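The values are calculated or read from the model by the stated rules, or taken from the named source; none is laboratory data. What you see is a predicted model; the values in this text were computed from it and never measured. Don't worry about glycine lacking a Cβ; one is built from the backbone with ideal geometry, like all the others, and counts go over all protein chains shown. These area figures cover heavy atoms from the full protein model, side chains too; ligands, DNA and RNA do not enter into them. Shrake-Rupley method; radii C 1.70, N 1.55, O 1.52, S 1.80 Å.
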Amino acid sequence: RGNANVCNIWTTDTTPANNDGDEDKGMRPGVFTMINDGSVFRILDFHPGVEKRSHRTDSIDYAVVIKGEIDMDIDGVNVHLKAGDVLVQRGTIHNWINKGTEPCIISFALLDAKSVTTESGKVLPAAG
């Protein structure tokens, strides 16, 4: 994703997580948003003009803005966040937008979750 950097701190691929061994799970190879039956703890650095990526994940995302400001387009509604703000995102279509002049740094803990199911029974799986 242009104008954004990611650093995975830790990942798991089971629930409950397995604490055995001494492998550095932050060094998991590959490009991924979420891990089935697992979790991802990462830091993202969104620079001004970050490339658009509207997407939905099959996860519950806990986000804490560490530095800067950012807007989140969440299901068509704009939410402005600044350092110290927290956000819980639950399977919505969303996109991060940095309209400022400084990078925004956010910490994320993503936990695997079932796809959203609407009241009419339609399943809304991960997309984008």
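Points worth noting:
- Qualifying residue in the stretch 113-124 (condition: in contact (Cβ under 8 Å) with a residue 60 or more places away in the chain, closer than 22 Å to Asn36 by Cβ and in contact with a strand residue (DSSP E or B) (Cβ under 7 Å, 6 or more places away or on another chain)): yes
- Qualifying positions in the stretch 60-93 - at pLDDT below 95 and closer than 15 Å to Val116 by Cβ: Ile74, Asp75, Gln89, Arg90, Gly91, Thr92, Ile93
- Per-region count, the stretch 38-51, residues aromatic (Phe, Trp, Tyr) and over 16 Å from the mean Cα position of the chain (by Cα): 0
- The set of residues in the stretch 8-37 that are modelled with pLDDT under 95, under 15 Å from the mean Cα position of the chain (by Cα) and of a type outside the set (Ser, Thr, Tyr) comprises Val31, Phe32, Met34, Ile35, Asn36.
- Checking each residue in the stretch 33-61 for being within 24 Å of Ala83 (Cβ to Cβ), among the basic types (Lys, Arg) and in contact (Cβ under 8 Å) with a residue 60 or more places away in the chain picks out Arg42, Arg53.
- Filtered by the rule that a residue be β-branched (Val, Ile, Thr) and either in contact with a Ser or Thr (Cβ under 6 Å, 6 or more places away or on another chain) or open to solvent by less than 60 Å² (accessible area, probe 1.4 Å) (or both), the stretch 3-37 gives Thr11, Thr12, Thr14, Thr33, Ile35.
- Qualifying residue in the stretch 60-75 (condition: under 16 Å from the mean Cα position of the chain (by Cα) and on the phi > 0 side of the Ramachandran plot): yes
- Matching residues in the stretch 100-114 - criterion: being surrounded by 13 or more Cβ atoms within 10 Å (Cβ to Cβ) and either of a type outside the set (A, V, I, L, M) or over 15 Å from Ile60 (Cβ atoms) (or both): Gly100, Pro103, Cys104, Ile105, Ile106, Ser107, Phe108, Asp112
- Qualifying positions in the stretch 87-99 - surrounded by fewer than 17 Cβ atoms within 10 Å (Cβ to Cβ) and either among the aliphatic types (A, V, I, L, M) or more than 14 Å from Gly128 (Cβ to Cβ) (or both): Val88, Arg90, Ile93, Lys99
- The residues of the stretch 49-86 that are surrounded by 14 or more Cβ atoms within 10 Å (Cβ to Cβ), touching a Ser or Thr at 6+ places or on another chain (Cβ under 6 Å) and part of a loop (DSSP other than H, G, I, E, B), listed by number, are Thr57, Asp58.
- Screening Ser120 with (1) farther than 29 Å from Thr14 by Cα; (2) surrounded by 16 or more Cβ atoms within 10 Å (Cβ to Cβ); (3) among the polar types (S, T, N, Q) gives one miss only, at (2).
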